[in-house]
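Structure first, commentary second.
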Amino acid sequence: MPLHSPAGYEFLASTVLTSAAQTTGAISFDARDLLLVQVRVTGYSGSDIASFRFNTDTGANYWSRYISAATGAVTLTNAQNTSQSLARLFAAGTTLQRSALVNITNNAGTSKVGRVEGQTSSGAAATAPVIEWGGFEWINTSAQITSITMLTAGGSITLGIGSGFAVFGKNLS
């Protein structure tokens, strides 16, 4: 069981890039009521944001919203995107590595809501990074999530070698 994985979750699927790419490609798994996804981004070829796409849905069926605080700042910034073709996992673009824990409700008959706890590195011990938190929604009430693709929001930037994610799931009943 992974770090921070609640009891009773089972491993469903994972993927990791063996070369830099704009997308991991879709991984498929059996539907579960709750999904827990652990994300690792080793870096980007340019400033971008790792994102998810569910069940290969490329329609404008996603929104995301994050609150962030810049290094040394006390003022919070709102970053929201609506009517998108993907669910962003972070507030702002970077070239640095990232880690995230994503909790997703995956009930049939309702839209899917995700909560993201993410962190971007600063690349220096003397520099505290930007902090950000938030989530997304996939406005699909007919299908449960049975596949996830990780891709860059900008589309032309690549995710670094070793970037990937693991999916765990649990049924409440």
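The values are calculated or read from the model by the stated rules, or taken from the named source; none is laboratory data. Source: prediction; values computed, not measured. FYI the Cβ positions are ideal-geometry reconstructions off the backbone, even for glycines, and counts take in every protein chain you see. The protein model used for the area step is the full one, side chains on, heavy atoms only, and it has no ligands, DNA or RNA in it. Shrake-Rupley method; radii C 1.70, N 1.55, O 1.52, S 1.80 Å.
Quick rundown of the values:
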read-out: Residue among SER64, SER68, SER83 that alone is at pLDDT 95 or above, small (Gly, Ala, Ser), in a strand (DSSP E or B) and open to solvent by less than 50 Å² (accessible area, probe 1.4 Å); value: SER64
read-out: Pairs where the first residue, in the stretch 121-135, is within 13 Å of ALA92 (Cβ to Cβ) and at pLDDT below 90 and the second is part of a strand (DSSP E or B) and among the hydrophobic types (A, V, I, L, M, F, W, C), C-beta under 7 Å, 6+ apart; value: VAL130/ALA69; ILE131/ALA69; GLU132/ILE67
read-out: Options ARG88, ARG115, ARG98; residue that is among the charged types (D, E, K, R) and surrounded by fewer than 15 Cβ atoms within 10 Å (Cβ to Cβ); value: ARG115
read-out: Pairs, first in contact (Cβ under 8 Å) with a residue 40 or more places away in the chain and over 14 Å from GLY135 (Cα atoms) in the stretch 48-68, second in a strand (DSSP E or B) and open to solvent by 40 Å² or more (accessible area, probe 1.4 Å), C-beta under 7 Å, six or more apart; value: THR56/ALA26
read-out: Filtered residues of the stretch 124-144 (kept if open to solvent by less than 70 Å² (accessible area, probe 1.4 Å) and over 25 Å from LYS170 (Cα atoms)); value: ALA124, THR127, ALA128, PRO129, VAL130, GLU132
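So that you can scan it fast, the table gives a plain yes or no per residue for (1) closer than 30 Å to LEU172 by Cβ; (2) open to solvent by 30 Å² or more (accessible area, probe 1.4 Å); (3) in contact with a Pro (Cβ under 9 Å, 6 or more places away or on another chain):
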{"residue": "ALA21", "(1), (2), (3)": "no, no, no"}
{"residue": "ILE27", "(1), (2), (3)": "yes, no, no"}
{"residue": "ASP33", "(1), (2), (3)": "yes, yes, no"}
{"residue": "SER45", "(1), (2), (3)": "no, yes, no"}
{"residue": "ILE49", "(1), (2), (3)": "no, no, no"}
